[in-house]
Ligand SMILES: [Zn+2]
């Protein structure tokens, strides 16, 4: 009971994310605070509390704010780190200029009225802020460990699942859509097709209104649906004796099929759909002007014997298993005037193109507005920020509604940047080439289609002249015998526009 003239105080309690029976903790804290108030002969006017699980964000605490606004005569709290999460919280309490008592240091309380008392308080606050930040770092490595223990960590629930009383359960109608997605993709449907179909059927994603191909893809590539634990999109192996903590939507067999298909599609995009040979259709026949295409023919080797016309006689080459060795040749498909071994032409083209590309000025002149690099940086940055948001929410350091808004915005910007980059790349693979330090390696790693685009961009023109009759097989200048290769190269005329 309050007695007349008795000084008053308020109590402040805060929930935090301790794993040791939290509710009990808060109740005990309040009891302890009341005991201390009684001992100090203070009348408790009000108990302010916050359900705030984090120690180090600047997230507003309504209870704390209300308490400061009420201008109490004194504050009683259990421990300094319950009242003050950040050093700046302390400064605000100092500004209020009232005595503050802590159960854990009740002997002399926190004397905010003297410089020495404030210095002690600031030191304590600085260290508890440090501890909070350390805890956050530990949390990040902890998430990896959780994944290895078979836990699926998410803050924004994934499509198809939700958390009910701490258990991850399927949302049946969404799980059905996901399964449908996998099944159709496995039968050859594209992600874009799926997105359009789902939009048409009024099926909505969790964020935003519309599906997009990229979004469907990203969703289906989530290994958790296939029962595989992962952390930051990387599949992780479970620690021994651990099991996944959710029911997968796919059977292991289905997930394996999907993963294989994904790899195949990646390969397909750069190879199967595209021309197999570097210059097929891009060479002109020096005799009739017709196009030359690749043709698989018997490999023949020149002998030292010459025929009546003085040409070396050529004989088929056999493989170890007795079959004839084959080689790819470019052949005039118009009148069959000429044919030339593919590897000779391709090697020459490689040399010419690399020499040209090595000249930075040339590439600059060709692509004055090359903005692939800044875009790549922007994309990396946006991806980082998206990961950060996800992480913050995962640790309860960011409000979910706010995160959802942020994520939607980031995803949208990411998609825009990626679309731009794709457009630039489709325009010309040269923009990628320029980002590379080692040109030859980069060139060799390019898909044939990309190489062909570059060759076309550069305007390289090749004509294959016929093997002229009566030619000597000896270089008139050096007197040396032409090699097969040198002999072939003599027939290639090429032109590359300047600038
Ligand atoms: Zn021809």
Report task. Rank these for me by crowding, 381, 321, 81, going from fewest to most other beta carbons within 10 Å. Result -> 321, 381, 81
Query raised in the report: If you count, for each residue, the other Cβ atoms within 10 Å and average over each peptide, how do 277-290, 123-136 line up from highest to lowest?
Result: 277-290, 123-136
Report task. With a 10 Å radius around each residue's Cβ, average the other Cβ atoms per peptide and rank 443-450, 27-34, highest first. Result -> 27-34, 443-450
Query raised in the report: What number, in percent, do you get for the relative contact order of region 370-424 if the mean sequence gap of Cα pairs under 8 Å and at least 6 apart is divided by its residue count?
Result: 51
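Listing 243, 481 from the residue with the fewest other Cβ atoms within 10 Å to the one with the most, what is the order?
Least crowded to most crowded, the residues run 243, 481.
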Query - For 198, 78, order by how many other beta-carbon atoms lie within 10 Å, fewest first - result: 198, 78
**Report entry** R0 of 51 Å, Cβ-Cβ distance residue 35-residue 203: FRET efficiency to nearest 0.05
**Finding:** 0.30
Report summary line: region 161-270: relative contact order from alpha carbon pairs under 8 Å, six or more residues apart, as a whole percent, is 24
Query raised in the report: How large is log10 I(q)/I(0) at q = 0.15, 0.16, 0.19, 0.22 Å⁻¹ when the Debye formula is applied to the Cα atoms of region 161-270, each weighted equally and without solvent?
Result: -0.70, -0.79, -1.09, -1.38
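No lab work stands behind these numbers, since they all come straight from the coordinates. What you see is a predicted model; the values in this text were computed from it and never measured. Glycine also receives a Cβ, built like all others from the backbone with ideal geometry; neighbour counts cover every protein chain displayed.
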